[in-house]
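Beneath this line is the structure, given in structure tokens, with notes to follow.
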Amino acid sequence: MTVTGAKGKRQSAAEAIERFDYRPLAGTADEMLGPDGKVRPVWRHFVESLSRMDEAELEDRIAKADRYLRDAGVFYRAYGGAPNAERSWPLSHVPVLIDGKEWENLSAGLVQRADLLERIAADIYSDNLLVQHGFLPPALIAGNPEYLRPVAGLSPVGGHYLHFIAFEIGRGPDGNWWVLADRTQAPSGAGFALENRVATTRAFSDIYAETHVHRLASFFGAFRDALQSHKKNGDDRIAVLTPGPANETYFEHSYIARYLGFMLLEGEDLTVVNDQVMVRTVAGLKPVSVLWRRLDAAYADPLELNQSSQIGTPGLVQALRAESVTIVNALGSGLLETRAFLAFMPAICRHLLNEDLILPSIATWWCGQKAEREHVARNLDKMVIGPAYSPAPFFDDAGASVPGSALRENKADFLKRLEQEGSRLVGQEIVKLSTTPAFVDGKLTPRPMSLRVFAARTRDGWQIMPGGFARIGASEDVSAIAMQKGGSVADVWIVSDTPVKWSTLLPSEENFTRNMPGSLPSRAADNLFWLGRYIERAEGALRILRAWHGRYAEYADRTQPLLANVSDYLAALDIDTEETVPESLVMNISSALYSASNIRDRFSADGWLALNDLAKTAREFQERIQPGDDATGAMTILLRKLAGFAGLVHENMYRFTGWRFLSIGRYLERALHMSRLLGHLSGPDAPDGALDMLIEIGDSVMTHRRRYNVATARLTVTDLLALDPLNPRSILYQLNEIKSEVEQLPNAIISGQMSPFYRDALRLYSTLALMTPESMNDEVYNKLEAEMERFSDLLARTYIG
């Protein structure tokens, strides 16, 4: 920070601006300073409070916000560079403050626009009178990739095409607001707005408490209630339909699903049976009657839409025809994002609503018309040129627009292309967006800004979120607003003159009910099961490697019989002792992390951070750990971190179906691990020291000393690690726990009879429980291992599909 000032000393807003040396950009409006250069009234308290903080306090407050975002695991996915790299959420810590009365006017304009977009969608997918009467060019519909012919003529359940939309808006140099783009496909950012609010209030909790800022919870509560009203039956499900973890905003999908209490599903989780959308769960198929779609419509149904889609659900369009499902927003609504539509909105508004647009769009000319094309050609240096069908405003991540003055081809060549391909291009007025203060290198600096504002259809009509999130430029260049280009985001505070009502999504105490968790989707069960297996597989490898390196530190000879024997055993498991931290170990941890990433809506932030920390530490150790004592210490650290993760899961995870699949995965992998080890190291040909190593790997050294008054022997080690029902490392203990968990799974008992899967779990346990140490040998262990692998396959066939 470069700011200075006396802590606690009160300064006027004007003095504070001088202290921060804040200088607005010429030719632009500024959110904090009015046209007269004075601090706007809505900002005064914030600025004066900021001025009382010294450099250390400001840094500490900003660090609190950043720490919250890290601890909550907030990220977005950046395309390009490292494959699907997760990036830290780029919060600009100074919120944007807007007066409540100004927001009311903005909201009125956005509600009007939402109604207009709904009317346009209804016309395009039914009678198409706007085209017939000349208000929309046919080419913008017929040639548009977002126009989905299979849904033309389908009236959505409830009669509405749009339920949740967003608008990109910006303030021009004259102080008035413009609409830069409409977001109707699957608008993102609402969940991030919630996280922005929490992080920003961590930094400025005192200022937030003293300022009458409108809360966001009531907006989400009203939308949740509206979606609940679309359920066909009481036991129907509502789900957020996500493209999956590779999507750049997957964090938000999982966050919103968890926040609103909805299922988070991918296309493969769903199937259509008798025209009804069903989710595959471990308890069988269950009906879904409301889908909040977060993937582009064309990918929703590979049967009738984009046949190359691997993230959709075949038959979804047919379910729409049968009116058995409400999709938010309706398939095909992405057409309304077409950039060229902005040129025709004023006339369409007057025609459909008999009134002018309250909020004008950015000036746009579609080059498919002769007069407009000639206007763009004459004013090329004042234009931004971009694709007509693009949904993006000129500065967006997905935009391919360039200023006319910066076209790579010479002007004559471009004018020729404009004549030939005009229907595919638009010209838009170059705008100077307003600026808002942001901390840049410790200095309060003006940066260009746009707002993304959300509208939700509720039981009482459209409701505008009292806030949203602001996109802040990385430089004075408007095109640097996009996050993919280094831009950041900020919270938006809508400030009232009077105290605002406190809101929450939690029901009042008198409406208290205990809701049992819903059915577990099969894909989630699969990921939980394999998360448990990968974690336990990593732990088993760590324990063997720690024991191996401990002895290597003593012998310093890889050819020593015990070390060579165990190296061969590990090599068969694709673990190379030539690598101090084997790549296969790191991959097991990475696989656990991947499984967890697929169930982010069911995974705690603490658990996610612990697992990430484990993976990061393992990678770091790969680069600098030496064999012997150094590696022994490193394995111990990794085991402690892994135990920390396991402890978080064990202590905090609700004991329902998901927990059972995770536990079965862990117990099964631990039993397999111990069976293989005992079969290899407890036989008559095992080298000297093998039994002691077995007891150490099984974390049972102290127990063996207490229970057996003799040195390690094959029978005592077998009894303790294979057959002792009280030893949490023994095979029998794992099989008993598996039996207990399976008994609680759905359909374990059918019409009073055990299911084949439950019967198999009981048989596995009973067979081993009847064994004696003397009867255990290589053949028994190998057969047991094969039976457990078969049991894993049976679990997949029974519950995963």
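Table for the structure above
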item: Accessible area in square angstrom per residue, region 230-283, 1.4 angstrom probe; result: 34
item: Computed lengthening from Val500 to Arg77, 0.36 nm per intervening residue step minus Cα-Cα distance; result: 148.7 nm
item: Charged-residue dipole, Cβ positions (Lys, Arg, Asp, Glu), region 572-720 about Cα centre, Debye nearest 20; result: 860
item: Electrostatic dipole magnitude of the chain [Cβ: Lys, Arg +1; Asp, Glu -1; Cα centre; debye, to 20]; result: 1140
item: Estimated dipole of region 510-622 in Debye, rounded to 20 [Cβ of Lys and Arg +1, of Asp and Glu -1, Cα centre]; result: 360
item: Net lengthening on full extension, Ser792/Gln420 (0.36 nm per residue, minus Cα-Cα); result: 127.7 nm
item: Cross-link partners of Lys783 among aspartates and glutamates (Cα-Cα below 15 Å; sequence separation of 8 or more within a chain); result: Asp760
item: Of Leu194, Ala474, Leu444, farthest towards positive along the dipole that unit charges on Lys, Arg, Asp, Glu beta carbons give the chain; result: Leu194
item: Ala564/Arg624 FRET efficiency (R0 45 Å; Cβ-Cβ; nearest 0.05); result: 0.95
item: Derived scalar couplings ³J(HN,Hα) [region 17-32; Karplus, 6.51 cos²θ - 1.76 cosθ + 1.60; whole Hz; x for Gly, Pro]; result: 4, 5, 4, 7, 6, 7, 10, x, 6, 5, x, 10, 7, 10, 5, 8
item: Relative contact order (percent, whole number), the chain, Cα cutoff 8 Å, 6+ residue spacing; result: 14
item: Shape call, region 117-240: gyration tensor on alpha carbons, a/c limit 1.5; result: oblate
item: Region 50-201: relative contact order in percent, alpha carbon pairs under 8 Å with at least 6 residues between; result: 21
item: Net length gained if the chain between His650 and Ser229 were fully extended (0.36 nm per residue, minus Cα distance); result: 147.9 nm
item: Residue-averaged 222 nm ellipticity for the chain, from DSSP H runs of 4+ at -39500 (n - 2.57), nearest 500; result: -13500 deg cm²/dmol
item: Carbon plus sulfur fraction of accessible area for the chain, probe 1.4 Å, in percent; result: 49
item: Whole-Å distance, taken between Cα centres, linking region 734-771 and region 525-573; result: 30
item: Under 19 Å from Lys286, Cα to Cα: lysines that are on another chain or at least 8 residues apart; result: Lys231, Lys232
item: Normalised convex hull volume, the chain, alpha-carbon set, Å³ per residue; result: 206
item: DSSP-defined beta bridges in the chain - what % are antiparallel, rounded to 5; result: 75
item: Charge-dipole axis of the chain as Lys and Arg at +1 and Asp and Glu at -1 on Cβ define it, positive-most pick from Ala490, Leu784, Tyr161; result: Tyr161
item: When each of Lys616/Lys739; Lys370/Lys411; Lys64/Lys101; Lys443/Lys501 is checked by Cα-Cα distance, pairs over 23 Å; result: Lys616/Lys739; Lys64/Lys101; Lys443/Lys501
item: Cα centroid of region 677-721 to Cα centroid of region 248-288, whole Å; result: 48
item: Shape call, region 274-368: gyration tensor on alpha carbons, a/c limit 1.5; result: prolate
item: Per-peptide average of other Cβ atoms within 10 Å, ordering 351-358, 711-718, 162-169 highest first; result: 162-169, 711-718, 351-358
item: Kirkwood Rh and Cα Rg combined as Rg over Rh, evaluated for region 215-312; result: 0.97
item: Kirkwood-based Rg to Rh ratio, region 680-801, C-alpha trace; result: 1.04
item: Region 659-801, accessible area per residue, ligands and nucleic acids excluded (1.4 Å, Å²); result: 46
item: Relative contact order (%) - criterion: Cα under 8 Å, at least six apart; region: region 135-262; result: 17
item: Net charge of neighbours whose Cβ lies under 15 Å from the Cβ of Pro561, counting Lys and Arg as +1 and Asp and Glu as -1; result: -4
item: Peptide ranges 412-425, 694-707, 308-321 listed from the most packed, as the mean C-beta count within 10 angstrom indicates; result: 308-321, 694-707, 412-425
item: Listed peptides 191-201, 489-499, 576-586 by packing density, highest first (mean Cβ within 10 Å); result: 191-201, 489-499, 576-586
item: Between region 318-356 and region 102-133, the Cα center-to-center distance that results, in Å; result: 7
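The values are calculated or read from the model by the stated rules, or taken from the named source; none is laboratory data. Just so we're clear, the structure is a prediction, and the values are computed from it rather than from any experiment. Reconstructed Cβ throughout: ideal geometry from the backbone, glycine too, with neighbour counts over all protein chains shown. Quick note on the areas: whole protein, heavy atoms, side chains included, nothing else; ligands and nucleic acids left out. Shrake-Rupley method; radii C 1.70, N 1.55, O 1.52, S 1.80 Å.
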